[in-house]
1. Residues with amide H under 5 Å of residue 68's amide H, sequence separation 5 or more or different chain, H placed in the peptide plane at 1.01 Å from N; which?
2. Going by Cα centres, the range 116-161 and the range 247-267 are how many Å apart?
3. Of all alpha-carbon pairs in the range 128-211, indicate the percentage at a distance above 17 angstrom.
4. Please list 3J(HN,Hα) in residue order for the range 132-139, calculated via the Karplus relation 6.51 cos²θ - 1.76 cosθ + 1.60 where θ = phi - 60°; whole Hz, with x for glycine and proline.
5. Determine the dipole magnitude for the range 39-139: charges of +1 sit on the beta-carbon of Lys and Arg, -1 on that of Asp and Glu, nothing else is charged, the reference point is the Cα centre, and the result goes in debye to the nearest 20.
6. Which of 208, 265, 183 sits closest to the plus end of the dipole of the chain, meaning its Cα is farthest towards the positive end, when Lys and Arg get +1 and Asp and Glu get -1 on the C-beta?
7. Pick out, in residue order, every one of the trypsin sites (Lys or Arg not before Pro) in the range 24-80 that is DSSP loop and has at most 15 other C-beta atoms within 10 Å; say none if there are none.
8. Is it possible to state the helix-based mean residue ellipticity at 222 nm for the chain, with each DSSP H run of 4+ residues giving -39500 (n - 2.57), the sum divided by total residues, to the nearest 500 deg cm²/dmol? What is it?
Amino acid sequence: MNKFKLFFIVILFFVISNLIIAFLWSFKTTIKFSNYTPYSEEFRKSLNLSKSETLELYLETWQRERLFEYDEFTGLKESLILNGSYVNISEENGRLIKNNPKDCEKNIFFYGGEKIFGYDVADNQSIPYFFREMLKINLKNYCVFNFGRRTYSSTQENILLQKHILKSKFKKSDIIIFLDGKNESGNNEVLNTKFINNNYNELHQKYWKLGIAGTKYFFNLLPITQLSEVLLKRLLNNKQQNLKNEISNDSLKEIQSVYRKNLKIRKGICSENDLVCFNFLLFISNDKVNKKKYEILKNENDIRDLTNFKDQKYLVNKYDSLSPNSNKMIAKKIFEIVIN
């Protein structure tokens, strides 16, 4: 067999292998989610949805074509979805609050992480939605907006608040509600920072050097490469799982320092812009790391602690998402402090 023929066979095998992996991967994913059970029966019942409706909610929440999009200054945001059955997100209003009045005497803006956004629940089962329902019962003609975003800490929330101020989103005496908790991580990098940084550096250089980056991207994005990376990540995640249950004292001190500074920054921003701001702290996860975070943050000035209540019986699924009734209980606690 001559070298040319061998080279041709290798290339042909390489191409066919990638085509087969791409087809089978897509086919496997389609089959997997055709009859998938994403939540426990207890959590499904709490949603008040049928099995097929629950699956649709899960797919809209976690399996959109793109879960995140790049967002200037904050790093990322949930990808927009405007015609979902259960999950709807717009650039202007955040996650949909269906029961807002047309004419608003006052606006109330919620900022926070996934607990405020309402992962694994429908638009009408999030904390901000239930808060608006309570306003409706109390004949308050206020509009509520949900700008919770997954992985967001107090730093990103402050930056998003500033972006909204620059876009003149607020009126005098509007109410701003922050809900912080386990996402507090000090000065740790925002999700995908390294990826964005590497791409920027590789694609901003002399034109005749771009071919090197292009070749690298070509091989990195092939199905066979992606499959290898997925398998490697699973292996490493299993080995590193125990490390997630530990946190150093230096990290805790940094988390406390950053959170304290962010509370002061908020206070200054809210005062200067005539906004009425409330800071709430909520820890649901009871693992060792979150216990330590909670202990160092719970006594900070200007926060209301929602973590320890005698009547709390929160239902949390395997993705650490709260059930609708749990969201309703939290909304009630916030309502009692903010409105009453």
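1. Sorted by chain and number, the residues that satisfy this are 79.
2. If we compute the Cα centre of each part, the gap is 24 Å.
3. 66
4. Listing the rounded values in order: 5, 4, 5, 5, 4, 4, 8, 6 Hz.
5. With only Lys, Arg, Asp and Glu charged at Cβ, the dipole is about 340 debye.
6. 208
7. Numbers: sites: 28, 32, 44, 45, 51, 64, 66, 77; in loops: 64, 66.
Those that pass, being in a loop and sparsely packed, are 66.
8. Working: 12 runs with 168 residues, N = 340.
Helix-only estimate at 222 nm: -16000 deg cm²/dmol.
Every number in this text was worked out from the coordinates using simple rules, so none of it is lab data. Just so we're clear, the structure is a prediction, and the values are computed from it rather than from any experiment. Cβ sites come from the backbone with ideal geometry, for glycine too, and all protein chains shown count toward neighbours.
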